[in-house]
Amino acid sequence: MSAGTSYDDVKLAARELYRFYRTGEEETLALRGVSLRVRRGETVAVVGPSGAGKSTLLACLAGLDEPSGGEVRVAGVRLSHRPETERARLRARHVGVLLQSRNLLPHLTVRDNIRLAQHAVRGRPAVTAEALLEQVGLERRMGALARQLSGGELARAGLAVALANSPDVLLADEPTGELDGGTEQLVLQMLRDRAADGCAVLIVTHSAEAVRGADRVVALDDGRAHEEHLGTSGAKERGHVLR
Ligand code: ADP
């Protein structure tokens, strides 16, 4: 650990994560001892080919799935190896999850989607749904349903839902995968802003642009992680062109 950081700064920590899937006689090792840390204010990009274990890793980090071995901690609290209801409670409190355009319930307005996410956490939210929508530039679309939004608007609405409870950790699965260049820039800027506010941000991505903006890159391959300690300029120099 470098000077100037402390263990309190580590907002997301995975230690020796394993995940086995068994289908009949066949066993797949999706994660084979993955360890990583993301500190407050840091953005980490996770890259790797299809089948490398990226979605499995993200699901374990979010507490949506349980690792077969190892441990996940968010904001200093163990998230893994708990009953699903407890994981859901901790996730609502500490983790924002951005899953492409799958963050919104279709029968609720954008504003009510945010309020529903806030309802999962006790006490008054630190930020109102209206203020969040203003932050992402959607204040005029708060009454709209998901199907009434453009791709860029959906991405921004999804981000507002992920940020509903001012999370310590923001996990994003291909947040720019379906977006045009301009909207991609906007979403990446919003993620950078959240990191600047102190969030620990982890992005699973194929986007060269997202990798360039990251502080560090973790390359997953066949369930194993190879961390590349690249600063922004380092990532540029090494030319992480992924698509
Ligand atoms: P990526 O997101 O990098 O494409 P995944 O995490 O989806 O990789 O998958 C990693 C490996 O685990 C793959 O071999 C995949 O086939 C396998 N896998 C993922 N989910 C399941 C599942 N529910 N049951 C069985 N095997 C799975």
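Would you mind checking the tilt of helix 110-119 against the longest principal axis of the Cα atoms of the chain, expressed as 0 to 90 degrees and rounded to 10?
Its long axis makes an angle of about 60 degrees.
How far is the Cα center of the range 134-168 from the Cα center of the range 49-106, in Å?
Centre-to-centre (Cα) distance: 21 Å.
For E209 and E26 in the same chain, what is the full-extension length gain: residue separation times 0.36 nm, less their Cα-Cα distance, in nm?
62.1 nm
What is the packing order of peptides 41-50, 138-147, 18-27, 63-72, taking the mean over residues of other C-beta atoms within 10 Å and listing the highest first?
Numbers: 41-50: 20.1, 138-147: 15.4, 18-27: 10.5, 63-72: 18.6.
So the order, starting with the most tightly packed, is 41-50, 63-72, 138-147, 18-27.
Note down the net charge around G69, summing +1 for each Lys or Arg and -1 for each Asp or Glu among other residues with Cβ under 12 Å from its Cβ.
Details: positive: R15, R19, R32; negative: E16, E66, E71.
After counting each charged neighbour, the total is 0.
Could you work out how far helix 181-196 tilts from the main Cα principal axis of the chain, as a 0 to 90 degree angle to the nearest 10?
80 degrees
Let me know the Rg and Dmax you get for the chain when you use only its Cα atoms, in Å.
Calculated on Cα positions, Rg and Dmax stand at 17.5, 54 Å.
Roughly speaking, to the nearest percent, how much of the chain's 1.4 Å accessible area is carbon and sulfur?
Details: 5520 of 11870 Å².
The C+S portion of the solvent-accessible surface of the chain is 47 percent.
Just for the chain, what percent of DSSP beta bridges are antiparallel, to the closest 5? Walk me through the numbers on the way to the answer.
Numbers: 24 of 42 bridges.
Among the beta bridges of the chain, antiparallel pairing accounts for roughly 55 percent.
What does the accessible area per residue of the chain come to in Å², with a 1.4 Å probe and no ligands, DNA or RNA counted? Spell out each step's value before the answer.
On the way: 11870 Å² over 243 residues.
That works out to 49 Å² per residue.
Would you mind checking the tilt of helix 151-162 against the longest principal axis of the Cα atoms of the chain, expressed as 0 to 90 degrees and rounded to 10?
80 degrees
Taking the range 125-208, how much of its Cα-Cα pair set, in percent, is spaced more than 20 angstrom apart? Numbers along the way, then the final one.
On the way: 1031 of 3486 pairs.
Roughly 30 percent, rounded to a whole number.
At 20 °C and 1.002 mPa s, what whole-number value in µm²/s does Stokes-Einstein give for the translational diffusion of the range 24-130, with Rh from the Kirkwood sum over Cα pairs?
Estimated via Stokes-Einstein, D reaches 134 µm²/s.
May I ask you to order 80-87, 193-200 by the average number of other C-beta atoms within 10 Å around their residues, highest value first? Could the numbers behind the result be given before it?
On the way: 80-87: 13.4, 193-200: 17.6.
Ranked from most to least packed, the peptides come out as 193-200, 80-87.
So what J values fall out for the range 78-95 if you push phi through Karplus, 6.51 cos²θ - 1.76 cosθ + 1.60 with θ = phi - 60°, rounded to Hz, Gly and Pro as x?
Per residue, the Karplus-derived 3J(HN,Hα) values read 5, 9, 7, 6, 9, x, 4, 5, 5, 4, 4, 5, 5, 4, 4, 6, 10, 10 Hz.
The values are calculated or read from the model by the stated rules, or taken from the named source; none is laboratory data. Note that the structure is a prediction, hence the values are computed from the model and not measured. FYI the Cβ positions are ideal-geometry reconstructions off the backbone, even for glycines, and counts take in every protein chain you see. In case anyone asks, the SASA skips ligands and DNA or RNA and just uses the protein heavy atoms, side chains included. Shrake-Rupley method; radii C 1.70, N 1.55, O 1.52, S 1.80 Å.
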